[in-house]
Amino acid sequence: MAQYPKPLSEKSIAKLYDKAGLNEKKISFLHDFFTAAANLYGAFPVAHIWEVYKELSEKIEVPKLKRKEIVEAAGIMRRESMCFYVFEIDELYSKEKRSELNREVVHKDLINVGYGKYMLYYRFCESQNNVPYYVPEDFLRFKRIEKSNEEKALLKFIGNLVVENDSFTDRYNDNVCPCKAPKGRKLKSFSFMNRHEEFELRYAKGEIQGNKGRPDVVSHLTKEYSCSEAEKIVRTLKRNSSYGVIDSMAEIKGVFDELNEVGVSLTQAKSEKLLGLINDFHNNSHHMCIRGWKPVELAARREIPTAISFGPRIKKAIAEGKMDKEELIEGISSIGFNYVE
């Protein structure tokens, strides 16, 4: 499989943009535009981004661009350090043939470091729903990922949970194991690695089965696990929800399993509160697997009408006595619709 190229120098990149006839205003817009698209959609073909641009240009004022300019810009950004990759198709699928429109923009979060590099990306593509791309008027604000109110509320609740237990029941074999988290501390105040994460880090260091160490993977994992336990739990939940590679019940179970291992004891009231916050967070977050939509927005877009009124032909048939109005209304009600004049 072909290898992704290394970034070019700023001077070399500037020459490529100049050769493509793109001025600073267009370059700045395209950087923001592609970054926002990657943050919203996760992965998409370069051919699709033209349709997103056209829809956005009908809603707000944007620099006037030709499809050729957008395609050329994608090729140049492939050699820049962005939050996404611009893959040639044969770098992802070895038997495919290259073309400018067949390039794939992929958010870096979907590409793993080390073993199974593209596994998450492939699983994401399988889970991605075939819905229209989400293109709001404030599309460009997604060039930065900001926490929603629902995410902040969830993070605050989990962050204030306290380690209370000395031991926990192993999720795999029901053995009772000692808790390694600091007892009496809130989850927002310390970092914690569960057993799976500890194994991953030791494997990357070459401490297991005599495997050769991978400094780049060690650096990546160390950074991933260095945040607070509360932030890690919410981040993992956010990614799983957005990628759509794990069903919602498994996502929730993952949160409760992690809290169990860290030594948090949840009352029924706290469990119900946590479930409600997770539900609000999931439904009101933008998910890559549904092309940037929030589940609540997509549900509203697909909402089936609940009321029916009679058109001119049916009204005429009723007036002529060919149809019985009351029978029609009763039939409409029996299948869950309301009749309106």
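The values are calculated or read from the model by the stated rules, or taken from the named source; none is laboratory data. These numbers were taken from a predicted model, which means no experiment stands behind them. We place every Cβ from the backbone using ideal geometry, glycine too, and count neighbours over all the protein chains shown. Each accessible area value is taken on the protein alone, full model and side chains, heavy atoms only, with ligands, DNA and RNA left out. Shrake-Rupley method; radii C 1.70, N 1.55, O 1.52, S 1.80 Å.
For the list (1) loosely packed, with under 13 Cβ neighbours inside 10 Å; (2) of a type in the set (A, V, I, L, M, F, W, C); (3) under 30 Å from Ser57 (Cα atoms), I need the number of the one condition that Phe124 fails.
Condition (1) is where Phe124 drops out.
Checking Phe168 against (1) within 27 Å of Val113 (Cβ to Cβ); (2) open to solvent by less than 80 Å² (accessible area, probe 1.4 Å); (3) among the aromatic types (Phe, Trp, Tyr), which test does it fail?
Failed condition: (1).
Residue-by-condition table, conditions (1) in contact with a Lys or Arg (Cβ under 6 Å, 6 or more places away or on another chain); (2) more than 24 Å from Glu10 (Cβ to Cβ):
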residue	(1), (2)
Val71	no, no
Val86	yes, no
Lys95	no, yes
Glu100	no, no
Tyr115	no, yes
Val131	yes, yes
Phe142	no, yes
Ile145	no, yes
Glu151	no, yes
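Determine whether Lys253 is part of a helix (DSSP H, G or I), under 20 Å from Ala38 (Cα atoms) and not hydroxyl-bearing (Ser, Thr, Tyr).
Considered against the rule, which asks whether it is part of a helix (DSSP H, G or I), under 20 Å from Ala38 (Cα atoms) and not hydroxyl-bearing (Ser, Thr, Tyr), Lys253 comes out as no.
What's the total number of residues in region 47-83 that are β-branched (Val, Ile, Thr) and assigned to a loop (DSSP other than H, G, I, E, B)?
2
Considering only residues that are of a type in the set (Ser, Thr, Tyr) and surrounded by fewer than 20 Cβ atoms within 10 Å (Cβ to Cβ), look in region 60-101 and name the one that is nearest to Lys143 (Cα to Cα).
Looking at residues that are of a type in the set (Ser, Thr, Tyr) and surrounded by fewer than 20 Cβ atoms within 10 Å (Cβ to Cβ), I get Ser81.
Show the residue pairs that are 6+ apart or on different chains and have beta-carbon atoms under 8 Å apart, the first residue being within region 109-121 and at pLDDT below 95, the second being among the small types (Gly, Ala, Ser) and not in a loop (DSSP other than H, G, I, E, B).
So the pair list comes out as Gly114/Ala204.
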